[in-house]
Amino acid sequence: MSKKKKKSGATEAKASAGILAYLFYPISIALSGFLFSLSLAPYSNGWAGFGSLVVMAALAFYLRRSSVWLILFTGWLLALSFQLFAFFWIPGTIQVYGGTSRVAATFYGLLYSLIYQLRVPLLFLGFHYSFRLRYSGPLLVALAALLGDRFAPQVFNWYWGNLTEGWVLWRQLASLGGIYLPGATLAATARALFDAIPLLHKKFPGLAAWRFLGFDAKAGKAGRGTSSSVEESWIPRAGSGYRFWLSPASLIGGVLIVLIFGFVHLYRIDAALSSVEKDGEIRVAMFQTATSRKLLGSLTDYDHAAQSMNEVVSQALQAVYKTGATLDLMILPESAIPYHGVSPADKRVYSVTMHALLSYLNGISRSPILFNQLQQGKQNGERIYNTASLLGDGAAQTGIQNYRKRILIPFGEYLPGEQTFPWLRRFFPNAGRYSPEGMQQPVTMQMTAYPDRSRLILLPPEQAGVQNPEALWTHPGDAYRAGRQIYRRSAGIANNFEDLDPGPSVSYRFGILICYEDLIPELGISSFEERQTPDFLVNISNDSWLSHSRAMWQHYGAARFRSVETGRFLLRSTLTGISGVMDPAGRDFADHSTIDARGTILEEIPVQARVTTLFSILGDWAFLLLILMCLTGIALDAWMERNHRSG
């Protein structure tokens with residue numbers, strides 16, 4: 001009777017293990033995507049990101065004897081899980097911004113998970129094949145992560161390194177190899193955990209988990225249900241001495257190296273911050289204007305433009321009056337004054353009112369203003385460029401410096417494939433018609449700061465004539481002159497405004513990125529290719545086109561890696577959020593803004609607290625070196641294995 005009970009109990013345990021095995025597949029796919037979503041802002045949980053990769057590796061380990069077609073299908077399911085949990089807002093954004101139907105947006109969402117999340121199945125494939133290597137499995141996983149990060153198509157750029165947003169020490173690796181390095185090392189670490197399985201099996205041979213995983217470490221053979229000739233070649237052989245402990249020791253040593261480097265790099269940055277004197281700081285006003293959301297193509301909506309101008313001027317004047325016109329830089333976000341420009345030659349987009357008001361703000365603040373405008377192409381007036389412009393250099397009034405956006409947002413700023421398939425416009429009627437600028441253009445701007453500038457007592461705006469600037473000119477060419485007359489009145493000085501001595505000056509250069517260009521590491525360090533490297537970075541962005549606040553948080557969290565990669569402060573001014581200042585370690589230097597709220601960040605930023613990073617020096621060579629290191633390790637492992645078998 002007892003034998004029957006034992007046999008019945010064994011049968012029930014085997015059946016339970018079978019049910020658990022079937023449930024493990026869908027649960028692990030959903031769990032990996034869920035944990036991935038928690039690793040991104042606003043949660044920024046590094047443990048969740050690491051857990052997502054561990055679950056992915058566990059699934060690859062469970063399916064290690066499956067066909068490559070099942071692995072690829074599972075990889076796509078993982079990509080779909082990532083999108084549903086983290087990037088669920090993409091179809092809705094396309095529907096609103098592109099003006100398409102729900103059906104078309106849903107179809108695009110499925111297509112997005114197949115094409116633009118290609119890095120997910122690629123990494124899963126790397127996990128799968130890594131279990132066929134004895135010692136270099138983690139290196140193969142790191143190689144798959146690197147290749148996916150660099151070559152997988154993207155729209156909203158994310159990288160495996162984004163999973164380390166919440167680990168300040170780990171993300172300092174971006175200063176060495178860009179965002180590619182923290183992601184590759186995190187994936188390799190997740191894979192290296194599984195090299196401890198033989199040690200655990202040796203210590204606890206009776207665990208039922210080994211049967212569930214289909215693993216029998218005796219003689220290094222696959223478990224029941226597989227051919228006896230299939231060797232688990234990744235398992236260190238019993239009696240192999242120190243090699244049996246090599247992988248676990250490498251895992252512990254590698255993590256310690258990462259943490260120690262993070263501490264040392266943070267110490268460098270904190271030392272640089274504490275050593276900056278007052279003349280190494282700039283006084284900055286960053287505006288989040290929260291003007292009403294408006295789609296592209298609303299150039300003729302003059303009421304919306306006028307309302308935006310009034311709100312921008314009112315908000316900027318509050319900062320100018322509060323600081324006594326001692327600011328060194330004023331930053332307006334992308335689309336603060338939407339879809340107009342200040343160049344009289346660009347007749348399609350020129351706004352004389354916008355020109356006059358910005359000239360007035362430039363004069364009354366005695367500081368340069370970074371703002372967003374549209375420009376027309378000189379050779380082809382049909383081309384429209386999304387442009388960041390710096391008006392004036394304080395009291396010197398040196399004119400306008402321009403930077404045109406290089407990488408445009410698909411469906412938002414242009415319609416992919418429209419030139420080849422014009423009929424696509426019928427499905428996405430609201431897609432933008434902007435043109436990208438070539439890479440050969442200055443990507444830094446020069447400004448002058450005056451650390452000892454004295455405060456001014458300014459006249460109220462109504463006495464200065466701000467309410468009726470058009471009365472001061474008779475044709476568009478008078479706009480700039482009118483603005484200067486108004487700010488002279490504001491200062492209460494009729495003729496000798498230029499005679500005011502601003503004191504000693506300090507020159508700075510800053511790199512400029514528009515909108516989601518701050519998600520692309522190559523654009524972040526492109527300013528270091530110029531003769532004079534930047535002292536800090538500025539990003540102006542309009543995230544109001546994103547359909548969910550989660551997307552705005554993800555954009556903000558991902559942008560912090562540009563500051564780590566370059567060792568520079570990143571100043572981020574957005575239309576509706578999230579605006580903030582990040583130090584060279586990617587930490588929030590000031591309280592960031594909230595979403596859909598109007599506000600101004602007034603800060604004295606020690607931009608001279610900059611550190612030199614290896615990534616800013618090597619550029620693309622850093623990525624190539626990482627690839628070479630992975631390939632060398634894998635080749636060395638293969639050579640050692642061949643020698644071992646032949647011997």
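Can you work out the FRET efficiency for the pair Asp279 and Arg348, with r the C-beta to C-beta distance and R0 = 41 Å, to the nearest 0.05?
On the way: r = 44 Å, r/R0 = 1.07.
Taking R0 as 41 Å, the efficiency between Asp279 and Arg348 is 0.40.
On the protein heavy atoms, probe 1.4 angstrom, tell me the percent of accessible surface of segment 537-647 carried by carbon and sulfur. Don't skip to the answer; put the middle values down first.
On the way: 2490 of 4220 Å².
Heavy-atom surface of segment 537-647 belonging to carbon and sulfur, 1.4 Å probe: 59 percent.
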Under a crude label model (7 Å from the Cα following the beta-carbon direction), how far is Asp588 from Ile627 in nanometres?
3.8
Heavy atoms of the protein only, probe of 1.4 Å, neighbouring chains included. What is the accessible area of Val96 in Å², nearest 10?
90
Roughly what would the spin-label model give for Glu382 and Trp423, points 7 Å off Cα along C-beta, in nm?
2.2
Once you have a ≥ b ≥ c as the square roots of the Cα gyration tensor eigenvalues for segment 112-184, tell me rounded if a/c is under 1.5, and otherwise prolate or oblate according to whether a/b is larger than b/c.
oblate
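Once the Cβ-Cβ distance between Ser250 and Ser314 is put in as r, and R0 is 56 Å, what FRET efficiency do you end up with, to the nearest 0.05? Mind dumping the intermediate values first?
On the way: r = 60 Å, r/R0 = 1.08.
Efficiency, from the Cβ-Cβ distance: 0.40.
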To the nearest 0.05, how large is the calculated FRET efficiency for Ala104 and Ile27 if R₀ is 35 Å and r is the Cβ-Cβ distance?
0.65
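For segment 28-85, what does the alpha-carbon gyration tensor say about shape, rounded, prolate or oblate, given a ≥ b ≥ c as the root eigenvalues, a/c under 1.5 as rounded, and a/b over b/c as prolate?
Values: a/c = 3.82, a/b = 1.88, b/c = 2.04.
Because a/c hits 1.5 or more and a/b fails to exceed b/c, segment 28-85 counts as oblate.
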I'd like the accessible area for Phe107, computed on protein heavy atoms only with a 1.4 Å probe and all protein chains in place. Round to 10 Å², please.
140
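Tell me whether segment 55-149 comes out rounded, prolate or oblate; compute the Cα gyration tensor, take square roots of the eigenvalues as a ≥ b ≥ c, and use a/c under 1.5 as the rounded threshold. Don't skip to the end; give the middle numbers.
On the way: a/c = 3.39, a/b = 2.50, b/c = 1.36.
Here segment 55-149 falls in the prolate category.
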Set Lys and Arg Cβ to +1 and Asp and Glu Cβ to -1, take the dipole of segment 585-647 about its Cα centre, and tell me which of His592, Ile634, Val607 lies farthest positive.
Ile634
Phe151 paired with Leu70, simple spin-label distance in nm, labels 7 Å along Cα-to-beta-carbon:
2.7
As a test, work out the antiparallel percent of DSSP beta bridges whose residues both lie in segment 498-585, rounded to the nearest 5.
20
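The values are calculated or read from the model by the stated rules, or taken from the named source; none is laboratory data. Values in this document were obtained by computation on a predicted structure and should not be read as measured data. Every residue, glycine as well, gets a Cβ built from its backbone with ideal geometry; the counts of neighbours run over all protein chains shown. The accessibility values were calculated without ligands, DNA or RNA, using every heavy atom of the protein model including side chains. Shrake-Rupley method; radii C 1.70, N 1.55, O 1.52, S 1.80 Å.
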